[in-house]
Amino acid sequence: MIDVNKIRKDFPILRKKVNGQNLIYFDNAATSQKPSKVINSISEYYFNYNANIHRGVHFLSQEATDQYELSRKKIQKHFNISKLNEIIFTSGTTHGINIVASGYSSILRKGDEIIVSALEHHSNIVPWQMLCERTGSVLRVIPIKMEGSLDINAFHKILNGKTKLVVVNHVSNALGLINPIKDIIDMAHKFGSKVLIDGAQSAAHFKTDIQLLDIDFYVTSAHKLCGPTGVGFLYGKELLLNEIPPFQGGGEMISDVTFQKTTYADLPHKFEAGTPNISGGIAFGFALDYLNEIGLENIANYENELLKYCTNKLNEIDDIEIYGNSKNKIAVISFNVKGIHAYDIGSILDKLGIAVRTGQHCAQPIMDFYQIPGTVRVSFSFYNTKKEIDIFILGLEKAIKMLR
Amino acid sequence: MIDVNKIRKDFPILRKKVNGQNLIYFDNAATSQKPSKVINSISEYYFNYNANIHRGVHFLSQEATDQYELSRKKIQKHFNISKLNEIIFTSGTTHGINIVASGYSSILRKGDEIIVSALEHHSNIVPWQMLCERTGSVLRVIPIKMEGSLDINAFHKILNGKTKLVVVNHVSNALGLINPIKDIIDMAHKFGSKVLIDGAQSAAHFKTDIQLLDIDFYVTSAHKLCGPTGVGFLYGKELLLNEIPPFQGGGEMISDVTFQKTTYADLPHKFEAGTPNISGGIAFGFALDYLNEIGLENIANYENELLKYCTNKLNEIDDIEIYGNSKNKIAVISFNVKGIHAYDIGSILDKLGIAVRTGQHCAQPIMDFYQIPGTVRVSFSFYNTKKEIDIFILGLEKAIKMLR
Amino acid sequence: MTINELQNEIIEEFSFFENWMERYEHLIELGKSLPLIDLKNKTDDNIIKGCQSKVWMFAELKKNKLKFTADSDAIITKGIIALLIRVFSNQHPKDILDSEIDFIDRIGLKEHLSPSRANGMVSMIKQIKMYAIAFQTQLN
Amino acid sequence: MTINELQNEIIEEFSFFENWMERYEHLIELGKSLPLIDLKNKTDDNIIKGCQSKVWMFAELKKNKLKFTADSDAIITKGIIALLIRVFSNQHPKDILDSEIDFIDRIGLKEHLSPSRANGMVSMIKQIKMYAIAFQTQLN
Ligand SMILES: Cc1ncc(COP(=O)(O)O)c(C=O)c1O
Ligand SMILES: Cc1ncc(COP(=O)(O)O)c(C=O)c1O
């Protein structure tokens, strides 16, 4: 179980005052806060062993390289990845998706199909639209049902022999729903299609076993899971990564350069052009350590309690509409109050020190589906408390009163 | 003038012991060390106002956005850039070059020409080779003269009406030579060609006035100039940036997304897909502040003294060959000792606590030109001292004795 | 009244409030009493891009002065609009272009100037000045 | 001698050195006395990729045992090669595959195992094992 008071000590920012009030941070789906351990690992790197990696024969470069590569190993272990060279450090989820989308330019033919869900973040829509434009492939969309979950029957119908790629998030950032990716993967594989899973919203909340699920491509960002900004990773099966061309040219990613001919380096370097976010990569490993110390099962259980608690309280308020109702949900609640704009509620809550997100959450198709301009989204982490939820509910009631 | 003892206090890593010896860090061209102020600005961000930027209505998001955008303003001022939206945050020089190289796919036609210098870093060669392969354009090379400087006469000869882009670094990382970019730009503009300047090696050592030089595209990395890893910027003239398509799809870079049609956001967001390296962007601004406090002229003068001092000392040693002799040089010395492999020298120096770089320095064409497998490269920063150079020279002599 | 006099009037008006709640309550009141925009001007063409809430803004020239009408789907945004219209409407385009706006910060609403608000207020002021430029050219 | 015995011999040999300088001097001596590789085997095909210094390595099977010859343009690398050849040459492919190499760390040369050395030694050991796999298959 989780000792939340003890955990909160690891996050000094939670003691901050905002607009004269105690900060209540319910915007975890946008980015999580970071424990001191992770923050200090960054300073530690710069104060003690900052150097450029991979090519230096000197001590600092060795130490930095060893630590950076250690993070790759931690990722391998955490996500149960078969080979180290299947892990590509990226600058984040968006970058990872773009590596694959760009690479598939050389694989897709006119008339091939890509299936994307209607629940995706823009980062997992736009690159595929761009890919379709380049290649003449067709983008097909898995629709959602009124309660927000994917219409799996419809998915079965659009899946066919021309489908080359299915892309879907493990958890939707706008609604928090967990998608049945195991079913989706198995079904897609039957048709010979590959599957890319966007793990940006899931990795902080439960463990993903990449081999067990037989995922072809996987992406996530460190900043959503207690790690720093500007770093993430792309996983791809070795065979598949070998099939696609590099995304960027540069140092590190080549084995031989002449003006006549350049040959690319082996995985993972082929996709890691240029000096990477070294401090970020190292701190990413520390973030995984931290999550594992607490235990992702404990985190899931605790966050689920918060979810239930808050959902019940919200349902007691008049005119609240919650979008995305399902048992398979992480601790995210997206809602509106009838007749009041989400932006207004967010603004008043902010004055009360409560950070929530308002708007489309980079998922305009979902908003279009519900025909709403946006929602108020509260998203919890394991360092949040029921007491904070109580204060949020009071604040929300106050906001409603002011805005009516 | 520079008070180097005072300055060294800003860099705690310089007090480190390596292999039992005081660290002497002469690998600044690979990456610079960071002053406490910069390192602390990162912790400060995470401890005090970490949040995702640009879309949040809450206080933390506002504070983070304001600070991040303040960095953009600092870059604008430092490099004398006309408009804020001409500055694109990148993950580094390599990323910036790739944005332009990828974008030019839609501009170049078969038979168009790109001119690149023989002095370039792989990051400024490979993306153009990839571009030429995609478009059928032709890559032409400005050769170098025996002493390492560009053959400007030869440049005049290959420049012609088909030249669409000239790409050249301001300073070569392998040799440290400063290229006559003003002449190159003026000449290229006469033929209607655009020019991309790779400022990775120059920005830490002298000031660059982008408007004065009339640069079309400029790229650099923060980690080379006392800033953090994983961040840099691309400058492009507004008109030119508007002409090229976005490099990556994702959040932030769109204004409207439906499955039918997506419209891209205005500059700079069009090129800034996904959650950026927020802490890195902010710390980049602090790094510029720090450099400006010391003053880039002071830095250049002092480093030039170190360069002269070390060059003279090296010339006293038998069988030393220095590559790249020119008055227009930053404080970088690339050399070999006859009959001894650079790697061997680097290994022994490392044991003495002295960090130098050995190898090809991601500039294989230069090594091919000199028909050498690599060089030993020492590169100085304003926190290095003559005393360190003395110790290095003693170490080098010791290494030579051991290795002969 | 001149733009500056109007700014000062607003600053004085807000100086009586003791805390953010009173300020916001007033802002909401202003939003509620914002005159309706003519429906025929509430078109997609008149939407200001980059705001989290939708903002429609329309301008027309009457007796050499600019008249603004606007609307939003968010009430706080409407309050902000009401303030901007009070300051800028019925002014000569040239005066609008020459004006320096500082009242927002001084009445304790500076959070609305942050780029993280997706530029709501900044975009509105920009749009107002664009209208002024357009009509100014027309006048010359 | 078995691979393990050879490793132990090297560890003992290096244990007499008091500091890195003596170790490196010894390594350099070993490098200098490395038997020449047959010129016809010093081909581009036999270059091991990913090392900062060039490394050529050739293997042949003699009486069911693997015989390695190698060279490098860097003397310290040659010293490392000399050690590796001493341990691995004249061993049965199966024994090479089964072996666990730990002497490098234990003689104070662990910096050569870091990936930042562009994998020099790691690549060499990998290559040796690749040869062993290839010839092992041939033997079966
Ligand atoms: C001249 C030059 N260009 C480009 C680069 C690549 O920079 P980065 O690795 O930060 O992307 C470097 C860095 O070594 C460089 O020295
Ligand atoms: C589901 C989902 N996919 C992709 C992204 C993009 O991640 P990043 O901005 O870190 O690249 C996000 C982040 O908001 C997300 O929630």
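The values are calculated or read from the model by the stated rules, or taken from the named source; none is laboratory data. Note that the coordinates shown come from a computational prediction; the quantities given were computed from them, not determined experimentally. When we count neighbours, we look across all protein chains shown, and the Cβ atoms used for this are built from the backbone with ideal geometry, even at glycine.
In the range B:193-219, the residues that are modelled with pLDDT of 95 or more form Cβ pairs under 8 Å with partners that are within 16 Å of ligand 2 (Cβ to nearest atom) and outside any loop (DSSP other than H, G, I, E, B), at six or more places apart or across chains, as follows: B:Val219/B:Thr90. The listed residues are C:Asp105, C:Asp95, and the only one of them that is in a helix (DSSP H, G or I) and farther than 29 Å from A:Asp350 by Cβ turns out to be C:Asp95. Is at least one residue of the range A:346-363 more than 9 Å from chain C (Cβ to nearest Cβ), over 23 Å from A:Ser32 (Cβ atoms) and within 16 Å of ligand 2 (Cβ to nearest atom)? Looking for residues that are more than 9 Å from chain C (Cβ to nearest Cβ), over 23 Å from A:Ser32 (Cβ atoms) and within 16 Å of ligand 2 (Cβ to nearest atom), one finds none in the range A:346-363, hence no.
In the range A:244-256 there is no residue that is away from every other protein chain (no Cβ under 13 Å), under 26 Å from B:Asn52 (Cα atoms) and more than 16 Å from ligand 1 (Cβ to nearest atom). In the range D:37-47, is there at least one residue being closer than 19 Å to A:Phe59 by Cα, of a type in the set (Lys, Arg) and part of a helix (DSSP H, G or I)? No, the conditions are met nowhere in the range D:37-47. Against the list (1) in contact with an Asp or Glu (Cβ under 7 Å, 6 or more places away or on another chain); (2) under 30 Å from B:Ser255 (Cβ atoms), the condition A:Asn325 fails is (2).
Restricting attention to the range B:110-133, does a residue exist that is within 14 Å of another protein chain (Cβ to nearest Cβ) and either among the hydroxyl-bearing types (Ser, Thr, Tyr) or within 16 Å of ligand 2 (Cβ to nearest atom) (or both)?
Just the residues of the range B:110-133 that are within 14 Å of another protein chain (Cβ to nearest Cβ), to begin with: B:113-133.
Still in the list and also either among the hydroxyl-bearing types (Ser, Thr, Tyr) or within 16 Å of ligand 2 (Cβ to nearest atom) (or both): B:117, B:123.
Yes, the range B:110-133 contains at least one residue that is within 14 Å of another protein chain (Cβ to nearest Cβ) and either among the hydroxyl-bearing types (Ser, Thr, Tyr) or within 16 Å of ligand 2 (Cβ to nearest atom) (or both).
Please verify whether the range A:235-244 includes one or more residues that are within 25 Å of A:Glu69 (Cα to Cα), within 13 Å of ligand 2 (Cβ to nearest atom) and among the aliphatic types (A, V, I, L, M). Looking through the range A:235-244, none of the residues is within 25 Å of A:Glu69 (Cα to Cα), within 13 Å of ligand 2 (Cβ to nearest atom) and among the aliphatic types (A, V, I, L, M).
Among the residues of the range C:7-25, the ones that are of a type outside the set (A, V, I, L, M, F, W, C) and either under 20 Å from C:Ser89 (Cα atoms) or part of a loop (DSSP other than H, G, I, E, B) (or both) come to 7 in all.
Among residues of the range A:5-21 that are acidic (Asp, Glu), those with a beta-carbon under 6 Å from a residue that is buried (at least 17 other Cβ atoms within 10 Å of the Cβ) and outside any strand (DSSP E or B) at least six positions away or on a different chain give the pairs A:Asp10/A:Pro35. Meeting the requirement of 3 or more residues that are at pLDDT 95 or above, the strands (runs of 3 or more DSSP E) wholly within the range A:317-375 are A:320-323, A:332-337. For the range A:376-389, the set of residues classified as surrounded by fewer than 17 Cβ atoms within 10 Å (Cβ to Cβ) and free of Cβ contacts under 8 Å to residues at least 60 places away in the same chain consists of A:Lys387 only. Any residue at all in the range A:163-175 that is under 20 Å from A:Phe247 (Cβ atoms), part of a loop (DSSP other than H, G, I, E, B) and more than 16 Å from ligand 1 (Cβ to nearest atom)? Checking the range A:163-175: not a single residue is under 20 Å from A:Phe247 (Cβ atoms), part of a loop (DSSP other than H, G, I, E, B) and more than 16 Å from ligand 1 (Cβ to nearest atom). Apart from one condition, A:Gly232 fits all of (1) under 18 Å from A:Asn85 (Cα atoms); (2) within 16 Å of ligand 2 (Cβ to nearest atom); (3) more than 10 Å from chain B (Cβ to nearest Cβ); the exception is (3). Taking the range B:204-229 as the range and being within 13 Å of ligand 1 (Cβ to nearest atom) and either away from chain A (no Cβ under 14 Å) or among the β-branched types (Val, Ile, Thr) (or both) as the test, the residues that pass are B:His205, B:Tyr218, B:Val219, B:Thr220, B:Thr229.
In the range A:82-91 there is no residue matching the filter, namely being away from ligand 1 (no atom under 16 Å from the Cβ), in contact (Cβ under 8 Å) with a residue 60 or more places away in the chain and in contact with a His (Cβ under 6 Å, 6 or more places away or on another chain). Could you check the range A:364-403 and list, in sequence order, the residues that are away from chain B (no Cβ under 13 Å), basic (Lys, Arg) and under 22 Å from C:Tyr24 (Cβ atoms)? Hits for the range A:364-403 are A:Lys398, A:Lys401. Scan B:Asn277, B:Asn292, B:Asn298 and give me the residue that is within 23 Å of the chain's Cα centre (by Cα) and crowded, with 19+ Cβ neighbours inside 10 Å. Only one candidate qualifies: B:Asn277.
For the range A:112-152, a residue qualifies if it is more than 24 Å from A:Ser202 (Cβ to Cβ) and of a type in the set (Ser, Thr, Tyr), and the qualifying residues are A:Thr135, A:Ser137.
For the structure I just gave you, tell me whether A:Pro180 is at pLDDT 95 or above, surrounded by fewer than 22 Cβ atoms within 10 Å (Cβ to Cβ) and more than 14 Å from every other protein chain (Cβ to nearest Cβ). Considered against the rule, which asks whether it is at pLDDT 95 or above, surrounded by fewer than 22 Cβ atoms within 10 Å (Cβ to Cβ) and more than 14 Å from every other protein chain (Cβ to nearest Cβ), A:Pro180 comes out as yes. Restricting attention to the range D:113-137, the residues being touching a Gly at 6+ places or on another chain (Cβ under 8 Å) and surrounded by fewer than 21 Cβ atoms within 10 Å (Cβ to Cβ) number 3. With the structure loaded, tell me whether A:Val126 is without any contact (Cβ under 8 Å) to a residue 24 or more places away in the chain, outside the structural domain of A:Thr375 (by TED's automatic domain parsing) and within 22 Å of the chain's Cα centre (by Cα) or whether it fails that test. When the stated conditions are applied, A:Val126 passes them. Please indicate, with yes or no, whether at least one residue in the range B:196-212 is assigned to a loop (DSSP other than H, G, I, E, B), at positive phi and out of contact with any strand residue (DSSP E or B) (no Cβ under 7 Å at 6 or more places or on another chain). Within the range B:196-212, none of the residues are assigned to a loop (DSSP other than H, G, I, E, B), at positive phi and out of contact with any strand residue (DSSP E or B) (no Cβ under 7 Å at 6 or more places or on another chain). Listed conditions (1) more than 16 Å from ligand 1 (Cβ to nearest atom); (2) part of a helix (DSSP H, G or I); (3) buried (at least 19 other Cβ atoms within 10 Å of the Cβ) are all met by B:Ile393, apart from (3).
Can you tell me which residue in the range B:46-63 is surrounded by the fewest Cβ atoms within 10 Å (Cβ to Cβ), limited to those that are within 7 Å of chain A (Cβ to nearest Cβ) and more than 15 Å from A:Ile354 (Cβ to Cβ)? Ranking the candidates gives B:Asn48 first.
Does A:Phe284 qualify as being assigned to a helix (DSSP H, G or I) and within 14 Å of ligand 2 (Cβ to nearest atom)?
Against the criterion (assigned to a helix (DSSP H, G or I) and within 14 Å of ligand 2 (Cβ to nearest atom)), A:Phe284 qualifies.
In the range A:104-145, the residue that is nearest to B:Thr263 (Cα to Cα) out of those that are part of a helix (DSSP H, G or I) and β-branched (Val, Ile, Thr) is A:Val126.
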